[in-house]
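Structure first, then comments.
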Amino acid sequence: MNTAIVIPVNFNTATKKEMLINLKEPLDAGMIAINLERNSNLVLSLRTAQATDMILDKEATSNDDLLDAMSLACKRITINRQQQRYDFNIPMPH
């Protein structure tokens, strides 16, 4: 029987900001590709997303649950602008 490891995430203000930044930076850098036809609701969510002090305004954002899921999926991705580092091993183009 396979067992899964679950890592709990505390959704406090600092974590919410970190998750949104960890989503925004790779998107802005062109590191994430999204199929527009298969993920039209996610694209709509990204296009309507509004944040104040890096906290997502859920009232102004369409499909905010999809954006939350995408942010959670990108939680462990970090970009250091001076020296890039990632939590995963994917060859990056030069």
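What follows draws every value from the coordinates through simple rules; no lab data is involved. Since the structure is predicted, the reported quantities are computational estimates derived from the model, not experimental observations. Here the Cβ positions follow ideal geometry from the backbone for every residue, glycine too, while neighbour counts run over all protein chains shown.
Which whole-number value in Å³ per residue fits the convex hull of the alpha carbons of segment 18-72?
Cα-based convex hull of segment 18-72, divided per residue, equals 72 Å³.
Enumerate by residue number the GluC sites (Glu not before Pro) in segment 1-85 meeting two conditions: DSSP loop (anything except H, G, I, E, B), and at most 14 other Cβ atoms within 10 Å of the site's Cβ.
In loop regions of segment 1-85 (DSSP not H, G, I, E or B), the sparsely surrounded GluC sites (Glu not before Pro) are GLU37, GLU59.
Do you know the relative contact order of segment 13-73, to the nearest whole percent, from alpha carbon pairs under 8 angstrom that are 6+ apart?
In percent, rounded to a whole number, it is 38.
At LYS17 and THR52, where each label point lies 7 Å from the Cα along Cα→Cβ, what is the point-to-point distance in nanometres?
1.5
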